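Trainee: One structure is given below, represented as structure tokens, and several questions about it will come after.
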Amino acid sequence: MKTSTLLAQAGLLVAASDAVGRIALLSPGMQELFELPFEPMPEDEISTRFRLFTPDGSTPLPTEDVPLVRARRGEVVRDALIAARSATGSLRHLRCNASPLIGPDGLLSGAVVLVQDVSGERAAHLRQSELRERLLETINHQLRTPVTNLLGYAEMLDDQRAGIAPEAQRALDAVLRAAGTLRTLLETISALVDLDRHAQLTKTYGDLPLVVEQVARAVTPLFDEHHVELRLDQPVTLPVVLDFAEIRRAVSELLKNAACYAPAGSVVRLRTRCEDGVAVDLTVSDNGPGIDDAELDRLIQPFERGTDPRQDVTGRGLGLAIAHTIASAHGGALQLSANRPRGLCASLRFPIR
């Protein structure tokens, strides 16, 4: 069976280029999607001929950012999102995975890209984002403001407690408790709705150990408060391409979690490694109460915390869920394991690019 017939029957959206970047294959599905017949073309014409744009749908996609071109230059491209316009102007969003092709002689012989039309998924995501923004606006303006006013006036009355009858004092205490509960509930709902924002990345080039040291300095007061020592074990330098704002948040959440659960006088260790040249392993280990193996998966879910009755830890139980969301957005994962003989190891693993 010919390759073109196989691709047509499978409905795959595939294109390939040769060693110098000319389009050498365009599956029937790609020809139909882009309304273009197959013909060899140089790579510097791909963006224009295929009407490619950045995800915003208005900025033309530079040639060097075209996934097939990136792969032809030696890069493995995973889940790159681009946009394309039809001849009539309708916009589609495409997820692209591309890889270099290596010939029998070990030299680069071209590249191949697999394309997936995710326009429906993208539209659903945008609708979900709009609903989330509306919900946050409702919480922050239409609910939080009256609750804040209620709590403020109740606290003003509490300042005048001495002049209030005992029965009124008891009623005031009930109002204060109820208002405090409402405020905590609103903060929790807002944090949960906002969780997905941590999956929206803006990656840049930088040095990971330097960023980790900055986070460590920022959380030092918390470690001092709990009388816990923080020790770093990192390479001198480790260049990576990540969303550093989100990585800072993930590392900060792991360190804060360790500081709160580690016993006074103990040591929390943060170890950063890239032993395979592909992915980073960043591990925070403590000597706290640890977690039963059966509960490890539960802890990365929102609002879940350890159940050790000896631990008096406050918070909403979102730290590990945030770190997990950020790691997943980078194509990695957060793994929890026991730190033998006692404690917890929380390991962030994500690609260096």
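The values are calculated or read from the model by the stated rules, or taken from the named source; none is laboratory data. No experiment lies behind these values; they were computed from the predicted model shown. Cβ sites come from the backbone with ideal geometry, for glycine too, and all protein chains shown count toward neighbours.
Trainee: Show the residue pairs that are 6+ apart or on different chains and have beta-carbon atoms under 9 Å apart, the first residue being within region 283-299 and over 24 Å from I247 (Cα atoms) and among the hydrophobic types (A, V, I, L, M, F, W, C), the second being at pLDDT below 75 and in a helix (DSSP H, G or I).
Mentor: Note: pairs meeting the criteria are I291/R298; I291/L299.
Trainee: Yes or no: region 118-137 includes at least one residue that is among the hydroxyl-bearing types (S, T, Y) and either surrounded by 17 or more Cβ atoms within 10 Å (Cβ to Cβ) or not in a loop (DSSP other than H, G, I, E, B) (or both).
Mentor: Yes, the conditions are met somewhere in region 118-137.
Trainee: In the set R248, R273, R298, which member is basic (K, R), modelled with pLDDT under 95, assigned by TED's automatic domain parsing to the domain that holds N339 and buried (at least 17 other Cβ atoms within 10 Å of the Cβ)? Show your work before the answer.
Mentor: Working: R273 fails: buried (at least 17 other Cβ atoms within 10 Å of the Cβ); R298 fails: buried (at least 17 other Cβ atoms within 10 Å of the Cβ).
Criteria check complete, one pass: R248.
Trainee: Is it fair to say P28 is of a type outside the set (A, V, I, L, M), closer than 26 Å to S328 by Cβ and buried (at least 18 other Cβ atoms within 10 Å of the Cβ)? Please lay out each step first, then the result.
Mentor: Details: of a type outside the set (A, V, I, L, M): yes; closer than 26 Å to S328 by Cβ: no; buried (at least 18 other Cβ atoms within 10 Å of the Cβ): yes.
For P28, the condition - of a type outside the set (A, V, I, L, M), closer than 26 Å to S328 by Cβ and buried (at least 18 other Cβ atoms within 10 Å of the Cβ) - is not met.
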